[in-house]
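Below is one structure, written out as structure tokens; the observations come after it.
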Amino acid sequence: MGRQKEDPLFNRIEPLRVAKGLSRQQLADAVGVHYQTIGYLERGEYSPSLTLALRLSEALGRPVEELFSVRPF
Amino acid sequence: MNDAKQNPKDRFYWIEGVSRGEVVRALSDHRPSPLRRQGPRRLLVSSAALVMTALALTVFIDQTKIRTYSEVILMVLGLCLFAFLRQSVRLISEAPNELLDERQIALRDANYKVAYGGISTLTLVYGVLLSLVTGGGWLEEQLGDRFWTGIASSYLLCASSLPAMVLAWNMPSEPQDDAA
């Protein structure tokens, strides 16, 4: 999580989750993490592993590059 | 983590000292609690540190009866604080990897490094004290048999609590709306 301060990773998880009508708990269950981890991801306070990023992409039905970017969206 | 929710069969992890059920319950507890905030958690850590220090210092009480009562009271208090500490970090400090997600594992492991540094230092200090107490001289005369009850129990309590203490101290307050 220290790496987060050095290399910020921007994401669009929250708007895509809301557009899909999912709660944080539902998305967390779909990708196999704790509901708080979704909150940390949405706020950009945690950078996911590649596996988790791909799971999120699958759960939200969007390519991973639409979810995450090293530059602000 | 999902496996834990789907598998109704509870299991006790002897090395970690937790059961699958209690970890799942602690992680999915949505009830508001002061222990979800960093301030009260740090107060809990400070109280535990104070109790452990006091337990170690009981060794200097001369009256056997007062010393024994103090040791028992402080040990019970220390164990209660240890239980609260574990709950305050949702058992993340003890839970096996299979019950945690990658963020929780990363958080726990980062704090383990600090905790084990602390335990190593504590063990070194304890080893030096032990060699002084058993090696003759003033300290052996002063402490003698008392060493094992006060300092040793404080050391054991401190060594087992340190991972939870470090995590409780460093973990940020939990945002209220994450379950939404």
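Scanning region B:61-73 for residues that are under 21 Å from residue B:160 (Cα atoms), at pLDDT 95 or above and either among the aliphatic types (A, V, I, L, M) or not in a loop (DSSP other than H, G, I, E, B) (or both) turns up at least one hit. The set of residues in region A:13-58 that are part of a loop (DSSP other than H, G, I, E, B), surrounded by fewer than 17 Cβ atoms within 10 Å (Cβ to Cβ), within 11 Å of chain B (Cβ to nearest Cβ) and touching a residue at least 24 places away in the same chain (Cβ under 8 Å) contains only A:45.
When residue B:149 is tested against (1) over 17 Å from residue B:51 (Cβ atoms); (2) touching a helix residue (DSSP H, G or I) at 6+ places or on another chain (Cβ under 6 Å); (3) in a helix (DSSP H, G or I), just one condition goes unmet, and that condition is (1).
Within region B:13-30, being more than 11 Å from chain A (Cβ to nearest Cβ) and over 13 Å from residue B:87 (Cβ atoms) holds for B:13, B:14, B:15, B:16, B:17, B:19, B:20, B:21.
Here's a check for you: in region A:59-73, which residue that is crowded, with 18+ Cβ neighbours inside 10 Å and part of a helix (DSSP H, G or I) is nearest to the other protein chains (Cβ to nearest Cβ)? The qualifying residue nearest to the other protein chains (Cβ to nearest Cβ) is A:59. Only a single criterion out of (1) polar (S, T, N, Q); (2) modelled with pLDDT under 80; (3) farther than 24 Å from residue B:40 by Cα is not satisfied by residue B:153, namely (2).
Could you please let me know if residue B:106 is under 18 Å from the mean Cα position of the chain (by Cα), within 21 Å of residue B:173 (Cβ to Cβ) and of a type in the set (Gly, Ala, Ser)? Answer is no for this residue.
The values are calculated or read from the model by the stated rules, or taken from the named source; none is laboratory data. This is a predicted model, so every value here is computed, not measured. Using ideal geometry, Cβ is built from the backbone for each residue, glycine included, and neighbour counts are taken over all protein chains shown.
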